[in-house]
Amino acid sequence: MFAVVKGVRARHAMRDEVDQDRGREGTGGGTDPDGGAAPPGGDGPRACLLTFASLPSTPRWARALARDTLRGWALDSVTETVELLLSELVTNAVKAGAPDAVVRVAIRATTDRVRIEVADGCAGSPHVDDPDPDTEGGRGLLLVSTISAEWGTYPVPLRPGKADGKVVWCEIPTAGAPS
């Protein structure tokens with residue numbers, strides 16, 4: 001179902017992999033995921049990285065990743081919120097990508113926040129829709145922008161010299177952290 005599984009304690013592992021330009025800023029504002037102390041039970045900022053095939057079942061597998069990862073990091077209080085946000089971002093990535101594409105997911109945690117990053121092979125920048133009440137879809141980024149403390153995007157080269165993909169990210173505070 002998925003191509004690569006990595007559970008690591010690392011900084012910017014996904015960004016290093018897909019975005020060599022460290023000076024690039026996200027379009028939604030935000031902070032650098034480097035700062036802060038470790039979440040409970042750890043000795044530094046934590047990251048869990050996965051690369052999935054772009055399939056209709058990918059959001060379900062991503063939610064399971066988030067649930068297991070956050071429970072392992074003793075961050076149960078934010079698990080449901082992270083699952084929802086990750087599911088929306090991964091669903092958008094699957095819809096935007098080609099059938100043979102991959103979706104890269106990173107979940108990072110410090111003592112005061114959890115950051116979710118989803119990379120896909122579509123260079124187009126996402127936007128928040130204001131769907132009609134009777135419309136079935138189109139609310140994913142509206143949910144992300146409403147629920148998360150911050151969110152944004154930045155382009156990434158998936159092939160050398162090409163800005164042919166993007167990362168959509170969001171952050172939420174952990175329990176007890178100021179929002």
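The values are calculated or read from the model by the stated rules, or taken from the named source; none is laboratory data. Values in this document were obtained by computation on a predicted structure and should not be read as measured data. Every residue, glycine as well, gets a Cβ built from its backbone with ideal geometry; the counts of neighbours run over all protein chains shown.
Can you find, within region 74-125, the residue that is nearest to LEU50 (Cα to Cα) among those that are surrounded by 19 or more Cβ atoms within 10 Å (Cβ to Cβ) and of a type in the set (Lys, Arg)?
ARG104
Counting only residues that are closer than 20 Å to LEU142 by Cβ and either under 14 Å from the mean Cα position of the chain (by Cα) or touching a residue at least 60 places away in the same chain (Cβ under 8 Å) (or both), how many does region 90-103 have?
Going through region 90-103, the residues closer than 20 Å to LEU142 by Cβ turn out to be 90-96.
Those still in the list that are either under 14 Å from the mean Cα position of the chain (by Cα) or touching a residue at least 60 places away in the same chain (Cβ under 8 Å) (or both) too: 90-94.
Within region 90-103, residues that are closer than 20 Å to LEU142 by Cβ and either under 14 Å from the mean Cα position of the chain (by Cα) or touching a residue at least 60 places away in the same chain (Cβ under 8 Å) (or both) number 5.
Could you say which residue among VAL82, VAL128, VAL144 is modelled with pLDDT of 95 or more and either in contact with a helix residue (DSSP H, G or I) (Cβ under 8 Å, 6 or more places away or on another chain) or of a type in the set (Gly, Ala, Ser) (or both)?
VAL82
With the requirement that a residue be in contact with a strand residue (DSSP E or B) (Cβ under 7 Å, 6 or more places away or on another chain) and either more than 21 Å from ALA149 (Cβ to Cβ) or not in a helix (DSSP H, G or I) (or both), what does region 64-92 give you?
Matches in region 64-92: LEU65, TRP73, LEU75.
Looking at LEU55 and the list (1) at pLDDT below 95; (2) of a type in the set (A, V, I, L, M, F, W, C); (3) in contact with a Cys (Cβ under 8 Å, 6 or more places away or on another chain), which single condition is not satisfied?
LEU55 satisfies every listed condition except (3).
Kindly indicate whether GLU17 is modelled with pLDDT of 65 or more and assigned to a helix (DSSP H, G or I).
no
What about SER87, is it touching a residue at least 24 places away in the same chain (Cβ under 8 Å), hydroxyl-bearing (Ser, Thr, Tyr) and within 25 Å of PRO157 (Cα to Cα)?
Yes, satisfied.
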